[in-house]
1. Taking θ = phi - 60°, what integer Hz values does the Karplus form 6.51 cos²θ - 1.76 cosθ + 1.60 yield along region 45-61, in sequence order, with x for Gly and Pro?
2. Under a 1.4 Å probe, what is the accessible area of region 190-251 per residue, stated in Å²?
3. For the chain, what's the relative contact order in percent, using C-alpha pairs closer than 8 Å and at least 6 residues apart?
4. According to the Cα gyration tensor, what semi-axes, each the square root of 5 times an eigenvalue, does the equivalent ellipsoid of region 124-191 have, listed from largest to smallest in whole Å?
5. I'd like the Karplus ³J(HN,Hα) series for region 193-201: coefficients 6.51, -1.76, 1.60, θ = phi - 60°, whole numbers in Hz, and an x wherever there's a Gly or Pro.
6. Considering amide H positions built from the backbone, and no H for Pro or chain starts, which residues 5 or more places from Tyr215, or on another chain, come under 5 Å of its amide H?
7. Treating the beta-carbon of each Lys and Arg as +1 and of each Asp and Glu as -1, no other charges, what is the dipole magnitude of the chain about its Cα centre, to the nearest 20 debye?
8. Over the chain, with every protein chain in place, what whole percent of the accessible area is carbon and sulfur at 1.4 Å, could you tell me?
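The values are calculated or read from the model by the stated rules, or taken from the named source; none is laboratory data. It should be emphasised that the depicted structure is a prediction, and the values quoted were computed from it without experimental measurement. Please note: Cβ atoms are built from the backbone with ideal geometry, for glycine as well, and neighbour counts cover all protein chains shown. Calculation scope for accessible area: heavy atoms of the full protein, side chains included, ligands and nucleic acids excluded. Shrake-Rupley method; radii C 1.70, N 1.55, O 1.52, S 1.80 Å.
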Amino acid sequence: MSLVEKIDLQRIPRHIAIIMDGNGRWAKERNLDRSQGHRKGLDVVHEITNDAADLGVECLTLYAFSTENWNRPQAEVDALMALVVYGIERETPGMIENGVRLSVIGDTSRMPIEVQKRLQKCIEDTAGGKRITLNLALSYSARWEIINAAQQLAQKAADGIIKPQDINEETFAAHLTTAHLSDPDLLIRTGGELRISNFLLWQLSYAEFYFTNEYWPDFNKESLCRAIIEYQSRERRFGKTSEQVKTNDKA
Ligand code: IPE
Ligand code: IPE
Ligand code: MG
């Protein structure tokens, strides 16, 4: 039985978020420049997006560049920005053809204007995509996002548009960059680190976590299937008892 056959297609996680880590170590092990690890990582993004879409995943959020990554050596930051432009250029026609819709979350105003323009154009060009949403987290950090939401709400309260007591989970979530998306069901982190690195702190409240030592450039369809199979073996209780969850399942 192949790994794909072990997957219950009726219970595919609707939204998968991935911390794509390990590009640098992958490159170092091969005596390559770190940027070549990122370059290989881009090819994996292409493959995994199509694999996820084939399995019926509705949204794939990929952590591509964090707020903290701005502190990397300038040459690496420049290489990553150039790679975004190259990737958008290379992938847009295929995305349109395959029904992949681009979405971006993060403080993109910090990115070079050329990169912002290309991203915006790709978002517009792929807006009709219905097969999967590819949501790229670029210049993103969860603390930035939460502070940004708090500022917007505080401004609305100060302007008399809302009352402080109108702020609840729903209105707060509506001011996050992910307002247009459901919360991730499954979080995958490659590269062996067991941490969240300032990613989707609000949205991952009830996600299932899956960590693998595999470096992102080595991640493939089998790796994705293994993560989904593990996800499907878990019981998501959302605070309830196992008995309650089982009764609901039957109802
Ligand atoms: C993840 O790979 C990609 C980005 C953060 C842009 P890394 O570049 O962090 O790779 P390692 O962790 O150094 O191996
Ligand atoms: C997390 O990876 C950010 C991305 C994958 C874009 P890092 O490599 O930056 O995370 P830390 O620094 O090891 O926590
Ligand atoms: Mg890393």
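1. Per-residue couplings from phi come out as 4, 4, 5, 5, 4, 5, 4, 5, 4, 4, 7, x, 5, 8, 9, 10, 9 Hz.
2. Each residue of region 190-251 exposes 58 Å² on average to a 1.4 Å probe.
3. About 28 percent, as a whole number.
4. Output for region 124-191: semi-axes of 28, 16, 12 Å.
5. Values, residue by residue: 7, 9, 8, 9, 6, 6, 10, 6, 4 Hz.
6. Amide H neighbours of Tyr215: Gly191.
7. 200
8. Carbon plus sulfur share of accessible area: 50 percent.
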